[in-house]
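Shown next, in structure tokens, is the structure this report addresses.
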Amino acid sequence: MAREIIHTDKAPQAIGTYSQAVKVGNTVYMSGQIPLDPATMEMVDGGMEDQITRVLDNLQAVAVAAGGTLNDIAKLNIFLTDLSHFALVNEAMARYFEQPYPARAAIGVASLPKNAAVEMDAILCLDDPS
């Protein structure tokens, strides 16, 4: 099955040897997003809520570029350097997602690229175009 590379200027460019997302059939594997502003490639100013919002905005931009929305996410992985921010993630998800919510994991990690406090990656399942 052919792989299609998904790219958008509305999300940060890859900062390593990876693509923003790869589509195989109706499944889209989205790379991790940290709170980089796609216009400046700098970390967003502000607190944890601002970082979570930027990450979700970045994921949303990649989802749209792939032909879907955040509501097409089947599995969401959330990486936090401080699990005490889990409630803020829940609040943000309630704003960005509709029920039924995706499956997810929240994982506490020691550190993330560029000293981000949060990173998320996802798997989208798009509707069959036929």
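Rule-based calculations on the coordinates, nothing more; no lab input. It should be emphasised that the depicted structure is a prediction, and the values quoted were computed from it without experimental measurement. In this analysis, Cβ positions are derived from the backbone assuming ideal geometry, glycine residues included, and neighbour counts consider all displayed protein chains.
Suppose we keep only residues that are surrounded by 21 or more Cβ atoms within 10 Å (Cβ to Cβ) and of a type in the set (Val, Ile, Thr) within the range 22-41. Which one would you say is farthest from Leu124 (Cα to Cα)? Checked the range 22-41; the qualifying residue farthest from Leu124 (Cα to Cα) is Ile34. Scanning the range 1-13 for residues that are touching a strand residue (DSSP E or B) at 6+ places or on another chain (Cβ under 7 Å) and farther than 24 Å from Asp127 by Cα returns a single hit, Pro12.
Ile123 meets the conditions (1) free of Cβ contacts under 8 Å to residues at least 60 places away in the same chain; (2) under 30 Å from Ala2 (Cα atoms) in every case but one. The failed one is (1).
Scan the range 68-86 and tell me whether some residue there is touching an Asp or Glu at 6+ places or on another chain (Cβ under 6 Å) and of a type in the set (A, V, I, L, M). The answer is no; no qualifying residue exists. Looking across the range 85-105 at every residue that is in contact with a strand residue (DSSP E or B) (Cβ under 7 Å, 6 or more places away or on another chain) and not in a helix (DSSP H, G or I), the one that is surrounded by the fewest Cβ atoms within 10 Å (Cβ to Cβ) is identified as Ala105. For the range 54-84, taking the residues that are touching a strand residue (DSSP E or B) at 6+ places or on another chain (Cβ under 6 Å) and not aliphatic (A, V, I, L, M), the one that is nearest to Thr8 (Cα to Cα) is identified as Asn58. The set of residues in the range 21-61 being within 23 Å of Asp128 (Cβ to Cβ) and part of a loop (DSSP other than H, G, I, E, B) consists of Gly25, Asn26.
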